[in-house]
1. Check whether at least one residue in the range 310-333 is modelled with pLDDT of 85 or more, surrounded by fewer than 17 Cβ atoms within 10 Å (Cβ to Cβ) and either closer than 30 Å to residue 159 by Cα or outside the structural domain of residue 346 (by TED's automatic domain parsing) (or both), and report yes or no.
2. Please list, ordered by first then second residue, the pairs with beta carbon atoms under 8 Å, 6 or more apart or interchain, first in the range 92-114 and without any contact (Cβ under 8 Å) to a residue 24 or more places away in the chain and in the same structural domain as residue 8 (by TED's automatic domain parsing), second part of a helix (DSSP H, G or I) and crowded, with 18+ Cβ neighbours inside 10 Å.
3. Checking residue 129 against (1) surrounded by fewer than 21 Cβ atoms within 10 Å (Cβ to Cβ); (2) in contact (Cβ under 8 Å) with a residue 24 or more places away in the chain, only one condition comes out false. Which one?
4. Name the residues in the range 56-89 that are part of a loop (DSSP other than H, G, I, E, B), at pLDDT 75 or above and surrounded by 22 or more Cβ atoms within 10 Å (Cβ to Cβ), would you?
5. Is it the case that residue 283 is of a type outside the set (Gly, Ala, Ser), touching a helix residue (DSSP H, G or I) at 6+ places or on another chain (Cβ under 6 Å) and in contact (Cβ under 8 Å) with a residue 12 or more places away in the chain?
6. Restricting the range 341-363 to residues that are of a type outside the set (A, V, I, L, M) and not in a strand (DSSP E or B), which is nearest to residue 307 (Cα to Cα)?
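The values are calculated or read from the model by the stated rules, or taken from the named source; none is laboratory data. Quick caveat, the model's predicted, so the values are computed rather than measured. For neighbour counting, all protein chains shown are included, and Cβ atoms are generated from backbone atoms with ideal geometry for every residue, glycine included.
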Amino acid sequence: MAWLRDPDRPPLLSVVFWLVLGATVAVNLMLPSGVVNRLLFFADVVLLCGLWLVMPWRPGRGRLLATPVFLAGSFALGLVGAAGTHAPLTLLGMANLALVYGMRTAGATLAAFGAILVIVPPLFFGRTFVQALVDLAAIAVLSAFSMGMASAVLRARRLAERVRELTVAEERARIAAEMHDSIGHHLTVIKLGLENAERFRERRPEAAWEEVHQAKDLTQAALADARRWVRALRPLALDGDLGSAALQKLADSFSGTGVTVTFEVEGMERPLAPDTELVLYRVLQEGLTNAVRHAEATSVRGTLTFDRRRIVLVVADNGKGFGQGHGSGFGLSSLSDRVAALGGRLISGDQAVGFELRAELPS
């Protein structure tokens, strides 16, 4: 039921929706109305409440029919006794339509809605053509605001995605350079060792076999490094995974290492800034990689906690710990700097059992 607390739903729009809907109900109760109209009115209100909770706020999230049904329901609310107070609900539906279907679809729908507003009330509800035009002018002004807000959100989303792509590309380039230094070194030594073995194979066969055995050991080390870097090169969200989903996928990728890895989320999850997501990803990756390579751990547990003012990621293993010198080769210095750059702090150290890495970042 995570979609009931969709992090893509703008909180301010939720506040506006519930306030407007409450005011519409209050006005309807104060005005005289027939039994049938009142029953239809409250049935429509219940429908809109349910649709608001399931409407998607990003393309590709499913439940796409909820948006046009919400628009139709908000328009119908005016026909069964909303006394004009329902207009902002229709505009919220238009904003949602723009965010999910795009600005062109929203613009075409808005034009059709305007035509209906001019034609239907004079023909069936006793309003004059001039009154219909006045209503249309008011809706047009509010619609311009609504569509402008949706356009700004869409532009901000595109910019955020671009920033994510650039950040991940920069991180991939950095890791690729480290991968070149690591695996490239192993392959260079292996090549030299095999060339020596080829020269020694007749005159010094024992030395030749020693070079072969050394090359075999280095090949295993290079293979282990290659597997580790393949996991490290996975970007945050190639398959649309964001936030805890990306971290869960990273934790699952270590399932074949012989270490039991668990990951859980505590608190109400909310959207994370791209820089925050990347740092959390690297903290979990660092904790898992070092638990597998150095700590001789049999289990690792990652916990992502959402507090009111901060986000905390803890990676704890049951390994042998690292003693006083764990910071030198543990790669924590640069990671600590990155956490500090976001206004957070990175705490690491041996525990009663194993080692713990804790990142605290502002929300």
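1. The answer is yes; a qualifying residue exists.
2. 105/97; 105/98
3. (2)
4. Residue satisfying the conditions is 86 alone.
5. no
6. Among residues in the range 341-363 that are of a type outside the set (A, V, I, L, M) and not in a strand (DSSP E or B), the one nearest to residue 307 (Cα to Cα) is 363.
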